[in-house]
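Only the coordinates and a few stated rules stand behind these numbers; no lab work does. Computed from a predicted model, the values in this text were never measured in an experiment. Neighbour counts are summed over all protein chains in view; Cβ atoms, including those assigned to glycine, are modelled from backbone coordinates with ideal geometry.
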Amino acid sequence: MMIAEATERVPLATDGEGVIRVGGTRVTLESVLGAFQQGATAEEIVQQYPTLDLADVYATLGFCLRHREEVEGYLKECREQAAAVRRENERRHPAPGIRERLLARRERQSPAQP
């Protein structure tokens with residue numbers, strides 16, 4: 001039996017915000033790789049994210065294993081961007097006193113008690 005050499009597309013697409021998603025779903029590459037790095041099998045990843053196709057998960061994992069440097073560069077950019085967003089959120093909404101602010105907000109929104 002002879003198996004013809006096939007070229008298959010990698011089921012990854014970059015959305016308008018630069019986020020890589022798997023198999024035409026909303027599931028991110030980071031989510032799939034995070035599960036894989038925590039020891040999940042492709043089948044377990046599909047159980048976690050039922051919108052994914054098993055073949056797409058295997059193809060994605062294979063691609064990532066063959067292109068480690070590129071993928072690691074992308075993941076590093078994602079971590080840096082997340083850290084920048086976190087810093088900006090912390091700057092805009094400082095954590096000290098947050099409980100008091102939330103309780104005060106609740107008081108303002110609650111109807112007056114007789």
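Things to note:
- At R0 = 35 Å, FRET efficiency that the Cβ-Cβ distance of V19 and A95 yields, to 0.05: 0.85
- Exposure proxy ranking, count of Cβ atoms within 10 Å, fewest first, for V27, V10: V10, V27
- In nm, spacing of pseudo-spin labels at R108 and R87 (7 Å Cα→C-beta vector): 3.0 nm
- Helical mean residue ellipticity (222 nm; -39500 (n - 2.57) per DSSP H run of 4+; nearest 500) of the chain: -18500 deg cm²/dmol
- Taking a ≥ b ≥ c as the square roots of the eigenvalues of the alpha carbon gyration tensor, region 1-54 is oblate, as a/c is not under 1.5 and a/b does not beat b/c.
- Overall size of region 12-109 from C-alpha positions, given as principal axis extents largest first: 52, 28, 27 Å.
- Label zone (A6, point 7 Å along Cα-to-C-beta; backbone nitrogen cut-off 20 Å) within region 46-86: 52-66.
- Positive-end residue, the chain charge dipole about Cα centroid, Cβ charges, pick of A6, V46, L65: V46
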